[in-house]
Protein chains: 4
Amino acid sequence: MIKAGVIGATGYAGQELVRILYNHPEVEIKVLSSKNHNNQVYESIYKNFNKICELKCEENELEALSNQLDIIFLSLPHGVTSKLLTDTILKNVKVVDLSADYRLKSEELYEYWYKIKHDNKDLLNQAIYGLSEWKKKEISKSRLIANPGCYPTCALLSLLPLIKEGILEEDNIIIDAKSGVSGAGRSLNLTTHFSECNESVKAYNVTSHRHTPEIEQELSEINGNEISVTFTPHLVPMNRGILCTSYGNLKNSNSYDEIKQIYEKYYQNELFIRLAKKGVFPETKWVKGSNYCDIGFTLNKSASKIIVIGAIDNLVKGAAGQAVQNMNLMFNLEENMGLKSVPMFPV
Amino acid sequence: MIKAGVIGATGYAGQELVRILYNHPEVEIKVLSSKNHNNQVYESIYKNFNKICELKCEENELEALSNQLDIIFLSLPHGVTSKLLTDTILKNVKVVDLSADYRLKSEELYEYWYKIKHDNKDLLNQAIYGLSEWKKKEISKSRLIANPGCYPTCALLSLLPLIKEGILEEDNIIIDAKSGVSGAGRSLNLTTHFSECNESVKAYNVTSHRHTPEIEQELSEINGNEISVTFTPHLVPMNRGILCTSYGNLKNSNSYDEIKQIYEKYYQNELFIRLAKKGVFPETKWVKGSNYCDIGFTLNKSASKIIVIGAIDNLVKGAAGQAVQNMNLMFNLEENMGLKSVPMFPV
Amino acid sequence: MIKAGVIGATGYAGQELVRILYNHPEVEIKVLSSKNHNNQVYESIYKNFNKICELKCEENELEALSNQLDIIFLSLPHGVTSKLLTDTILKNVKVVDLSADYRLKSEELYEYWYKIKHDNKDLLNQAIYGLSEWKKKEISKSRLIANPGCYPTCALLSLLPLIKEGILEEDNIIIDAKSGVSGAGRSLNLTTHFSECNESVKAYNVTSHRHTPEIEQELSEINGNEISVTFTPHLVPMNRGILCTSYGNLKNSNSYDEIKQIYEKYYQNELFIRLAKKGVFPETKWVKGSNYCDIGFTLNKSASKIIVIGAIDNLVKGAAGQAVQNMNLMFNLEENMGLKSVPMFPV
Amino acid sequence: MIKAGVIGATGYAGQELVRILYNHPEVEIKVLSSKNHNNQVYESIYKNFNKICELKCEENELEALSNQLDIIFLSLPHGVTSKLLTDTILKNVKVVDLSADYRLKSEELYEYWYKIKHDNKDLLNQAIYGLSEWKKKEISKSRLIANPGCYPTCALLSLLPLIKEGILEEDNIIIDAKSGVSGAGRSLNLTTHFSECNESVKAYNVTSHRHTPEIEQELSEINGNEISVTFTPHLVPMNRGILCTSYGNLKNSNSYDEIKQIYEKYYQNELFIRLAKKGVFPETKWVKGSNYCDIGFTLNKSASKIIVIGAIDNLVKGAAGQAVQNMNLMFNLEENMGLKSVPMFPV
């Protein structure tokens, strides 16, 4: 059994990790840690774990932990793990970091977007951006995974096949994303106060969301050229789910079937990517509670523009599920072990 | 492997059954059947099953099916299975019926409440009311289970320990129940049209809901005396969940601890019943997607009245989950096999 | 024009007051005050007022204000107005207090339930409990109105005719209430964090909600005897609305028509009470944005129990609307002036 | 008083019209008509009108009605009014048609998108597209208004100033729209069944929504050149509201202030357009129940792209409210008469 610890176990992503790991046949959770709930029994914080998890949240020194565990999931606020991790820790234990600290390869970009100095240049270079479907080999050999953000996961999985094949104009990519409210976490905020966000829809962080550089970095890496995108996240009154509606201009007027073949080339054998039939478009409800990313697309009448629609569960494929998928890859387990449950509906 | 069929697989309860059975280690689904979706691939009806279930819905003759299967789940409208089932079928296969047809022991009551004649008196006598926690032995020996209604499951589990111990006045029991909208099924109706029920709460079928006689029958059977209840169901704008707030008058002013001991006597070792700590009350969110029934209670200041609150997921413990629990009992499997996933939150 | 001030204008009830007063033909809002938003323009706090209200929130000394205004609405947290109000103020200006400070006639009860000492016994005696339909004369002569709580308004309007006529057993009254989340106000709290309360229903403050003594006081006053109730509030995932399902035992088995006549006797000519037809039950959606209280009832089969269902908009009839209705009565205006808009649907 | 009739009074837009007209000081509703609810009292169909509207729905011959009324609002399904209207009717009465029948100037386009032959070429030429802010003079002189669709209203008000000034590339306009469910009307449909659309977001009619040609027609007319847009509507789990996120490429890199001046030039004096401050973006909650359209915009870092966000209440500015605004213009009343209520929040 793989001995696992979840540091930052009481945010929504942390809790989802604990939920998924509990049903993983090869994992035993040994340590749960939470700064805000130190010394509290986990089931008193999340009552869904009543009669299931009797662990207490403890505060632990990471290096000490690394000697007792096989894998540590870090689900902490941005700016923390870049200070916490050391080479020694990584020698002892594999790490999946769900924060943004090791996602951006450029320290300058990181500091510009997160307003925090990054003190861990070396580890930054070692870290693999854990978009599972696109980095399997690198992930399987890595000891430090920077688990992708929720929006980037959905946007990148939607667009990468087109970008890889170079069929899109590089300067006209628009990603209009819609997210459920759990993406904003458990911290209290007027924006996520029920009466303020229920029954309303709004855009936020227009042109200024921190997931923008992450999307651009990965698109550019695959493409070779610099790609900059217009990314507009929206808040939708529902608990879970992200829908990305992405727009691109085709360099040449490809046919529907040509593009379908591109998607199949990259995703046909992927366990967690489901391509929609022609004329069918993903809805967030069909992936809820699962690690799937559903993708569908269409062309406009003049076939100069493509509209791609992707859907994920932001807490699963957009966070905890992909983290477990990455762990499976790192430990050479079946990629979907512990992630086989059917999406729940209606919920 | 147990070979299973789900007849009526495209209603919400049927679909939930398929979902749960897919993750059951000892079950293989062999047949899905649906009158309205005959010949359609299951994943085209419920897109959460995309890439998971490639079965087609077929219309099948029940007797023929009974030769090929080990268990049949019937998730059909009321009034159908009382005509469909035969002794021959039951000799071949075990049956869990999720409709109301075999729940009421009295044909007269059935006909009064459902306005349908019951033609199957013999099987009615054989059928076991499948409230798992209270009928384990009978269920394990039975070939025909009448799976309880969603409201009765929650109300009965909340009240039966008190009724069994005879500590409540028999003529002053009130059950004020609140249900999510999935309980009303997938058939179209103005009541469940989004804009009509979203952002509103209402009572419905006040004093006239068909689950009333079912609750009264089981309370009376355990108690010995005739018990009649006031049962008021309400529709709450959420997908899943039932909360029953039950009120009773204590014959003697029992203390909190005395009553706590009663609940522990009956439920301490039950896998799916979770008793809340003093001062904590169940919420539907903590049981979502699971087979748990959470129960908490308090006394009013004069200790003459008890308020018991129970919460279940109406599609799991209130329908498909309990059906699988009953199957486990019928086949001598671990009672919680296939039902171990942690409740999902927030969802 | 009546010159009005709203002190505590940036809570939900305060904002609703401002909204209603803006459409009141005889009122001019002169002063808005808010401790948390001092010096901010109102439309920057509530953007629905963009281009409508350019007033700034100011902090004001109440006595000074009382010289410039005709009426002051106090929409402040409990425990504040019992300290703020003075005889001098009340000589200058009429006051409607939306807090609980002047509702309970007994200082002991107030201190028991609110854990605050009440220093204003004299004014407590002068204050009129402003349940408009039941205290019209007193309200019209009063200078200090204790505006009722949201739950008490709905529960009392539902039950008072029966209590006044003495047809209910006094010790078996149960009020099972369901409220939208706006009732919990704009202050941040895990309970009202979107992902925590959306898609779930729960009871809270079971047997310990502060509105209990308020309901009991008014029922007892009308009845003559001490009445104690079992009151269970529930939180429902919707923005607005309260539904009270009240249960009572009839001393004698009255007929439906007898009870209908009782309701008509008290409410037939009331502008804001709408009695439902037989077999129809109120839903919160039909009163949204209006000052109506809809009431329906039925009897159980043995006619020993009555179930009464009442519905209000918690922010209108349960707070700001009733406050304006009381103002209308105090100034001898038409009772429904400024309160005539049709309930909005679907919303 | 203006004598008004609403034909098709029992759809959501029709009902909203009745609600608004009830509070209009210069209008008296004389006739309500509904094919599906003929002979039923209005308050039995929409219980918010209980004690308010005692009119019966009658089926009436339009020509006969035209002699008794000053204005007729037609809120009927597409394809009906193109057959119903005659010159005689229009000589007798003014008409606001909320269907699509008179919106598209080209019969071919109409027939292509609606699959119905248009038999009323003459009236089509007379009809004015009633986007109030942009056609005031024409509306005030017209007897037949084609009231705009909900999406086109929001998209056009957002984009027209930029199009009129010619600062956008004509072939790269993308409108990503999000609508509440009431936009789909009261007819039953699996898509709008509560459990199917609650807690999910999806795109629908991607590249094939009928509002596309309407948007293109009006943009092209103002611009002079043919403009074609990519329009993607999404369904959001809320009752009311439309948010349009529109993307355009600037021909020259205008500054924020230049564009701000353009918006002010066209909208500064408009009663129902509210321009958001820099950095603030509209949310549907701030316009609910009102006729406002809120507009905000920003530029991306390279200032080559503009993102404009517009918000309306789909049933008010997107249907019934704009219809009343148009009536006000047609009768030379104050433009906002009957439309002055403050947006309701939280609701």
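The values are calculated or read from the model by the stated rules, or taken from the named source; none is laboratory data. As the structure is a prediction and not an experimental result, all values here were calculated from the model. In this analysis, Cβ positions are derived from the backbone assuming ideal geometry, glycine residues included, and neighbour counts consider all displayed protein chains.
Here are a few things to note about the model shown:
- The lone exception for B:Asn67 - which of (1) assigned to a helix (DSSP H, G or I); (2) within 14 Å of chain A (Cβ to nearest Cβ); (3) surrounded by fewer than 18 Cβ atoms within 10 Å (Cβ to Cβ) it fails: (2)
Each row is one residue, and each column tells you yes or no for (1) out of contact with any Lys or Arg (no Cβ under 9 Å at 6 or more places or on another chain); (2) under 11 Å from A:Gly8 (Cα atoms).
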{"residue": "A:Leu32", "(1), (2)": "no, yes"}
{"residue": "A:Lys35", "(1), (2)": "yes, yes"}
{"residue": "A:Gln40", "(1), (2)": "no, no"}
{"residue": "A:Cys53", "(1), (2)": "yes, no"}
{"residue": "A:Glu61", "(1), (2)": "yes, no"}
{"residue": "A:Ala64", "(1), (2)": "yes, no"}
{"residue": "A:Gln68", "(1), (2)": "no, no"}
{"residue": "A:Leu74", "(1), (2)": "yes, yes"}
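- Number of the exception - D:Gln261 against (1) part of a loop (DSSP other than H, G, I, E, B); (2) surrounded by fewer than 24 Cβ atoms within 10 Å (Cβ to Cβ); (3) modelled with pLDDT of 95 or more: (1)
- Subset of region A:176-191 that is within 21 Å of A:Ile215 (Cβ to Cβ) and assigned to a helix (DSSP H, G or I) - its residue that is nearest to the other protein chains (Cβ to nearest Cβ): A:Ser182
- Meets criteria (surrounded by fewer than 19 Cβ atoms within 10 Å (Cβ to Cβ) and either modelled with pLDDT of 95 or more or assigned to a loop (DSSP other than H, G, I, E, B) (or both)) for B:Thr153: no
- Yes/no for B:Leu243 being of a type in the set (A, V, I, L, M), touching a residue at least 12 places away in the same chain (Cβ under 8 Å) and either more than 7 Å from every other protein chain (Cβ to nearest Cβ) or more than 16 Å from B:Ile175 (Cα to Cα) (or both): no
- Some residue of region B:328-336 being closer than 28 Å to B:Ile173 by Cα and either in contact with a Cys (Cβ under 7 Å, 6 or more places away or on another chain) or without any contact (Cβ under 8 Å) to a residue 60 or more places away in the chain (or both): no
- Only one of C:Lys137, C:Lys117 that is over 30 Å from D:Pro282 (Cα atoms) and not in a helix (DSSP H, G or I): C:Lys117
- C:Tyr114 being touching a Pro at 6+ places or on another chain (Cβ under 7 Å), more than 13 Å from every other protein chain (Cβ to nearest Cβ) and surrounded by fewer than 24 Cβ atoms within 10 Å (Cβ to Cβ): no
- Cross-chain or 6+ apart pairs with Cβ under 7 Å, region D:1-20 first and closer than 14 Å to D:Asn36 by Cα, then surrounded by fewer than 24 Cβ atoms within 10 Å (Cβ to Cβ) and of a type in the set (Lys, Arg): D:Gly11/D:Arg186; D:Tyr12/D:Arg186
- For the residues D:Asn23, D:Asn39, D:Asn48, the requirement of being farther than 21 Å from D:Asp97 by Cβ and over 24 Å from the mean Cα position of the chain (by Cα) singles out D:Asn39.
- Matching residues, region B:273-312, being at pLDDT 95 or above, out of contact with any Cys (no Cβ under 9 Å at 6 or more places or on another chain) and assigned to a loop (DSSP other than H, G, I, E, B): B:Ala276, B:Lys277, B:Lys278, B:Gly279, B:Val280, B:Phe281, B:Lys288, B:Gly289, B:Ser290, B:Asn291, B:Tyr292
- Taking residues in region A:40-53 that are within 7 Å of chain B (Cβ to nearest Cβ), and partners anywhere that are assigned to a helix (DSSP H, G or I), the pairs with Cβ atoms closer than 6 Å and at least 6 places apart or on different chains are A:Tyr46/A:Gln15; A:Lys47/B:Trp286; A:Asn48/B:Trp286; A:Phe49/A:Tyr42; A:Phe49/A:Glu43; A:Asn50/A:Glu43.
- Only one of B:Lys301, B:Lys317, B:Lys285 that is within 12 Å of chain C (Cβ to nearest Cβ) and either crowded, with 18+ Cβ neighbours inside 10 Å or touching an Asp or Glu at 6+ places or on another chain (Cβ under 8 Å) (or both): B:Lys285
- Within region C:19-32, if we keep just the residues that are touching a helix residue (DSSP H, G or I) at 6+ places or on another chain (Cβ under 8 Å) and more than 8 Å from chain D (Cβ to nearest Cβ), the residue that is surrounded by the most Cβ atoms within 10 Å (Cβ to Cβ) turns out to be C:Leu32.
- Residue selection: C:Val280 satisfies the criterion of being under 22 Å from B:Leu235 (Cβ atoms) and surrounded by fewer than 24 Cβ atoms within 10 Å (Cβ to Cβ).
- C:Glu214 vs. criteria modelled with pLDDT of 95 or more and closer than 20 Å to C:Ala311 by Cβ: yes
- Of all residues in region A:320-332, those that are surrounded by fewer than 24 Cβ atoms within 10 Å (Cβ to Cβ) and within 20 Å of the chain's Cα centre (by Cα) total 4.
- Of residues in region B:252-282 being within 30 Å of A:Val347 (Cα to Cα) and among the charged types (D, E, K, R), the one farthest from the other protein chains (Cβ to nearest Cβ): B:Lys278
- Residue within region B:50-63 that is more than 20 Å from B:Asn147 (Cβ to Cβ) and part of a strand (DSSP E or B) present: yes
- Restricting attention to region B:197-226 and to residues that are at the interface with chain C (Cβ under 8 Å from one of its Cβ atoms) and surrounded by fewer than 20 Cβ atoms within 10 Å (Cβ to Cβ), the residue that is nearest to C:Gly241 (Cα to Cα) turns out to be B:Tyr204.
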